[in-house]
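Peer 1: What follows is a structure written as structure tokens; I'll ask about it next.
The values are calculated or read from the model by the stated rules, or taken from the named source; none is laboratory data. In this text, all values refer to a predicted model and were calculated from it rather than measured experimentally. No Cβ is skipped: glycine too gets one built from the backbone with ideal geometry, and neighbour counts run over all protein chains shown.
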Amino acid sequence: MSEEVRLPPAVQERLLRLQQLQETLQTILAQKQQLDLEILEIDRALSEIEKTPDDVVIYKSIGSLLIRTNKAKVTSELTERKEIATMRVSVLTKQEERLRSQIKELQEKLQKDLRPIPPT
């Protein structure tokens, strides 16, 4: 009663490629979200450090240890981490845009491929 529809190999490949692109996009979005959270945490830490006097004792966490350091060094390290994270977000945003474009293009091709053929 039910007819099994066989998709041409080219359409199957496109469907597989679409799935792979969507999975890659999800990974990139998750990475961007993690980096955005990291930048937010860095901003909060920098804001708190800014409120403290220059001669205050600051400890930073390295693994399971707390190491004594100074305000200038911590500020410099956090600023550098923020710059790196911001650059990575920029790269991921470009990858995201490219992937979204590829996905859209592939979806359009698949819609054409899967459009029913009018009876003759």
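Peer 1: Could you say whether any residue in region 90-107 is among the β-branched types (Val, Ile, Thr), assigned to a helix (DSSP H, G or I), surrounded by 12 or more Cβ atoms within 10 Å (Cβ to Cβ) and over 24 Å from the mean Cα position of the chain (by Cα)?
Peer 2: No: zero hits.
Peer 1: Which pairs have Cβ atoms under 6 Å, sit 6 or more apart or on different chains, and link a residue in region 28-57 that is surrounded by fewer than 10 Cβ atoms within 10 Å (Cβ to Cβ) to one that is at pLDDT below 95?
Peer 2: Asp54/Lys71
Peer 1: Okay, moving on. Take region 1-45 and flag every residue that is β-branched (Val, Ile, Thr) and modelled with pLDDT under 95.
Peer 2: Of everything in region 1-45, those that are β-branched (Val, Ile, Thr) and modelled with pLDDT under 95 turn out to be Val5, Val11.
Peer 1: Output the residues belonging to region 67-83 that are surrounded by 11 or more Cβ atoms within 10 Å (Cβ to Cβ) and either in contact (Cβ under 8 Å) with a residue 60 or more places away in the chain or not charged (D, E, K, R) (or both).
Peer 2: Listed by number, the residues that qualify are Thr69, Asn70, Ala72, Val74, Thr75, Ser76, Leu78, Thr79.
Peer 1: Would you check if Val11 is in contact with a strand residue (DSSP E or B) (Cβ under 8 Å, 6 or more places away or on another chain) and part of a helix (DSSP H, G or I)?
Peer 2: no
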